[in-house]
Ligand SMILES: [Zn+2]
């Protein structure tokens with residue numbers, strides 16, 4: 001296999017380290033853990049480089065290894081010891097939003113120019129704050145599912161869920177809580 | 001008839017997985033009559049897009065010099081390079 005400079009494992013840290021780090025950091029939300037994952041990924045990549053077929057780019061191939069490492073990380077830190085309680089799942093919020101029949105009893109005000117918010121540094125700060133206010137496993141789950149790397153089966157396994165239905169309910173409640181937080185902390189202040 | 005509470009949950013589900021066409025139709029019909037659910041769904045879709053955009057937003061984040069040194073040391077230590 002012809003090796004270009006990019007293919008040379010010695011240059012991987014310089015060429016792909018930052019990219020892999022960002023990929024990990026968004027998902028695990030811890031600088032130390034993200035650093036460890038980059039290191040493990042590079043080590044694994046170097047060890048398996050003779051199996052690299054060259055059908056994808058090194059970048060794609062390393063990212064694939066990292067995805068597995070991330071799922072392993074969540075699997076190792078399984079959450080089954082602390083299952084989500086009613087308050088985690090936002091039962092109170094649910095009951096304050098809907099009446100007995102399941103109809104809205106609050107008014108939702110249209111968010112003003114939400115797309116412009118994405119250009120504001122302060123918005124991202126608030127968004128991160130709202131994510132951090134969620135129970136950790138709910139925020140992890142929403143990020144992993146939305147960023148699209150983790151199958152529902154893997155999510156269930158990590159969370160100790162028996163059925164995907166529990167997963168969909170949890171994600172729905174997570175969005176509900178996050179929406180509420182953004183509403184109060186950002187859009188209502190606009 | 002599905003109530004708002006069920007509609008919001010279904011709409012969230014539809015962001016995660018494919019839901020049956022009949023349920024999709026029920027959501028559509030409900031949204032024609034219910035402004036609050038319409039707003040709710042617009043907002044959770046915005047949240048969805050925001051999360052998808054996090055990576056792009058963080059393009060200016062890099063491994064620190066120290067972190068690179070630590071990783072390099074580990075790679076050397078593994079005597080692979
Ligand atoms: Zn409704």
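Worth a mention:
Quick grid of which residues meet (1) at the interface with chain B (Cβ under 9 Å from one of its Cβ atoms); (2) in contact (Cβ under 8 Å) with a residue 12 or more places away in the chain:
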{"position": "A:75", "(1), (2)": "no, yes"}
{"position": "A:90", "(1), (2)": "no, yes"}
{"position": "A:101", "(1), (2)": "yes, no"}
{"position": "A:106", "(1), (2)": "yes, no"}
{"position": "A:120", "(1), (2)": "no, no"}
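- Selection count, region A:147-175, where residues are part of a helix (DSSP H, G or I), surrounded by fewer than 20 Cβ atoms within 10 Å (Cβ to Cβ) and at the interface with chain B (Cβ under 10 Å from one of its Cβ atoms): 4
- Qualifying position, being more than 23 Å from the chain's Cα centre (by Cα), assigned to a loop (DSSP other than H, G, I, E, B) and at the interface with chain A (Cβ under 8 Å from one of its Cβ atoms), among B:75, B:63: B:63
Every residue, every condition in (1) modelled with pLDDT under 90; (2) touching a helix residue (DSSP H, G or I) at 6+ places or on another chain (Cβ under 9 Å); (3) in the same structural domain as residue A:44 (by TED's automatic domain parsing), yes or no:
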site	(1), (2), (3)
A:60	no, no, yes
A:65	no, yes, yes
A:68	no, yes, yes
A:91	no, yes, no
A:103	no, yes, no
A:106	no, yes, no
A:110	no, yes, no
A:115	yes, yes, no
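- Screening residue B:18 on (1) out of contact with any helix residue (DSSP H, G or I) (no Cβ under 8 Å at 6 or more places or on another chain); (2) more than 16 Å from the ligand (Cβ to nearest atom); (3) assigned to a helix (DSSP H, G or I); (4) over 30 Å from residue A:184 (Cα atoms) shows it passes everything except condition (3).
- Qualifying residue in region B:34-44 (condition: assigned to a helix (DSSP H, G or I) and more than 15 Å from the ligand (Cβ to nearest atom)): no
- The residue that is farthest from the ligand (Cβ to nearest atom), among those in region B:45-65 that are without any contact (Cβ under 8 Å) to a residue 24 or more places away in the chain, surrounded by 15 or more Cβ atoms within 10 Å (Cβ to Cβ) and over 22 Å from residue A:39 (Cα atoms), is B:57.
- Only a single item in (1) more than 8 Å from chain B (Cβ to nearest Cβ); (2) without any contact (Cβ under 8 Å) to a residue 60 or more places away in the chain; (3) more than 26 Å from residue B:5 (Cβ to Cβ) is not met by residue A:133, and it is number (3).
The values are calculated or read from the model by the stated rules, or taken from the named source; none is laboratory data. Worth saying up front: this structure is predicted, and the values here are computed from it rather than measured. Here Cβ is always computed from backbone atoms with ideal geometry, including for glycine, and neighbour counts include all displayed protein chains.
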